[in-house]
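Before any comments, here is the structure.
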Amino acid sequence: DVLDPERLIQCPYNKHHRIRACRFPYHLVKCRKSYPEVAKELATCPFNARHLVPQADLSDHIMKCNDKGFIEQDIVNQSSGFQREQMNAVSTWQAPPCDEDWETESLEQSDSPFIW
């Protein structure tokens, strides 16, 4: 099972290392420091940082990466959610009735002199 945290994964830096899936990200950081020459030859997948492939194979991996579908689906969900929010954002606010009549008030006040 891909989601099993106890399944064993082979380390891309040392083929003799087999690590439990739940510890794999920590192991990658540690092994990257231990094998800097191998680390220079590997590239990280933009969809899943646990995918380390030879730099020459990165574009092929990107085309076939299973995690690419999850990212694309997230983008679709976010954009459709944004469109729904925009459609629902139509304001129903109405201005309250105004009791003021500035013209009448200015005529009433024009008779009285301005006093500071």
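Taking the range 4-21, which residues are over 28 Å from the mean Cα position of the chain (by Cα), of a type in the set (A, V, I, L, M, F, W, C) and surrounded by 15 or more Cβ atoms within 10 Å (Cβ to Cβ)?
Ile19
Which residue pairs have Cβ atoms under 8 Å apart, sit 6 or more places apart or on different chains, and have a first residue in the range 38-49 that is under 14 Å from Lys64 (Cα atoms) and a second that is open to solvent by 60 Å² or more (accessible area, probe 1.4 Å) and not acidic (Asp, Glu)?
Cβ pairs passing all conditions: Phe47/Phe70; Phe47/Ile71.
Here is a yes/no grid of residues against (1) in contact with a strand residue (DSSP E or B) (Cβ under 8 Å, 6 or more places away or on another chain); (2) part of a helix (DSSP H, G or I); (3) closer than 16 Å to Ile9 by Cα; (4) among the charged types (D, E, K, R):
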{"site": "Arg23", "(1), (2), (3), (4)": "no, yes, yes, yes"}
{"site": "Lys40", "(1), (2), (3), (4)": "no, yes, no, yes"}
{"site": "Ala49", "(1), (2), (3), (4)": "no, no, yes, no"}
{"site": "Met63", "(1), (2), (3), (4)": "no, yes, no, no"}
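Among the residues of the range 79-113, how many are among the β-branched types (Val, Ile, Thr) and modelled with pLDDT of 75 or more?
Total satisfying the criteria: 2.
Look at the range 22-73 and say how many of its residues are open to solvent by 100 Å² or more (accessible area, probe 1.4 Å) and among the hydroxyl-bearing types (Ser, Thr, Tyr). Break it down into steps so the answer makes sense when it comes.
Our first condition is that a residue be open to solvent by 100 Å² or more (accessible area, probe 1.4 Å); within the range 22-73, this holds for 23, 26, 30, 32-33, 37, 40-41, 50, 55, 63-64, 66, 70.
Subsequent filtering for residues that are among the hydroxyl-bearing types (Ser, Thr, Tyr) retains 26.
Here the count works out to 1.
The values are calculated or read from the model by the stated rules, or taken from the named source; none is laboratory data. Every value quoted in this text rests on a predicted model; they were computed, and no experiment measured them. In this analysis, Cβ positions are derived from the backbone assuming ideal geometry, glycine residues included, and neighbour counts consider all displayed protein chains. Remember, those area values only see protein heavy atoms, side chains included, never the ligands or the DNA or RNA. Shrake-Rupley method; radii C 1.70, N 1.55, O 1.52, S 1.80 Å.
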